[in-house]
Amino acid sequence: MIRAKGFAATSVDELCRAAGVTKGAFFHHFASKEALGVAAAQFWTESTGALFAGAPYHAPDDPLDRVLAYIDFRSLLLDGDPAEFTCLAGTMVQEAFGSSDAIRAACEASIFGHAATLEADLAAAMEMHGVSGTTARSLALHTQAVLQGGFILAKAAGGPQIARESAAHLRRYFELLFKKE
């Protein structure tokens, strides 16, 4: 619901109806809607972390091929309505960064934590292919910026095509940066 409507536009009453719980049960588990937002970001991090940890892009021997396979894998996930494939942490942080430091921090941990999972492959690819002048961390965060930006464009356009194009441009960027032919 939050990915479809946004955090602010999703009411506690709607969440309770969708979950089939009473408002009293909601507040038994969460002190506030903000606490739910933090818990949702943490759950998102855990569940997507498991998805990406078991994804096939880890298989190639060459670390650059793993990075390119990661981008390809992300492209495969871009299907259906944007609410089905966009990032919960990205959606929430866009709204809550100025009004809830707790939600902002939970979303930061999610997005930056996911970016960190790419750093070892990027560092190894940089060493193997002689790329300098930047850091693996910066490239990992750039990857997330492009993907999150693609999600925003997909929401604006009402479909996944522009997010797929953004991922394809990101792939070409890495191929050029690493001189992969």
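The values are calculated or read from the model by the stated rules, or taken from the named source; none is laboratory data. Here the structure is a predicted model, which means the values were calculated and not measured. Methodologically, a virtual Cβ is constructed for each residue, glycine included, from the backbone with ideal geometry; neighbour enumeration extends over all protein chains shown. In case anyone asks, the SASA skips ligands and DNA or RNA and just uses the protein heavy atoms, side chains included. Shrake-Rupley method; radii C 1.70, N 1.55, O 1.52, S 1.80 Å.
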**Prompt:** Just wondering, is there one or more residues in segment 81-93 that are farther than 16 Å from F151 by Cβ, open to solvent by less than 60 Å² (accessible area, probe 1.4 Å) and of a type in the set (F, W, Y)?
**Reply:** no
**Request:** Answer yes or no: is there a residue in segment 146-156 that is aromatic (F, W, Y), without any contact (Cβ under 8 Å) to a residue 60 or more places away in the chain and closer than 16 Å to T48 by Cβ.
**Result:** no
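For segment 53-60, check the following and say yes or no: at least one residue is modelled with pLDDT of 95 or more and closer than 24 Å to Q94 by Cβ.
Initially, segment 53-60 is screened for residues modelled with pLDDT of 95 or more, giving 53-60.
Next, only the ones that are closer than 24 Å to Q94 by Cβ stay: none.
No, segment 53-60 contains no residue that is modelled with pLDDT of 95 or more and closer than 24 Å to Q94 by Cβ.
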**Fill in**
Residue count, segment 127-181, condition open to solvent by less than 40 Å² (accessible area, probe 1.4 Å), assigned to a helix (DSSP H, G or I) and of a type outside the set (A, V, I, L, M, F, W, C), comes to 6
**Message:** For segment 77-98, check the following and say yes or no: at least one residue is without any contact (Cβ under 8 Å) to a residue 60 or more places away in the chain, in contact with a Leu (Cβ under 7 Å, 6 or more places away or on another chain) and part of a helix (DSSP H, G or I).
**Reply:** no
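Could we say that D121 is among the charged types (D, E, K, R) and touching a residue at least 40 places away in the same chain (Cβ under 8 Å) here? Please lay out each step first, then the result.
On the way: among the charged types (D, E, K, R): yes; touching a residue at least 40 places away in the same chain (Cβ under 8 Å): yes.
It is true that D121 is among the charged types (D, E, K, R) and touching a residue at least 40 places away in the same chain (Cβ under 8 Å).
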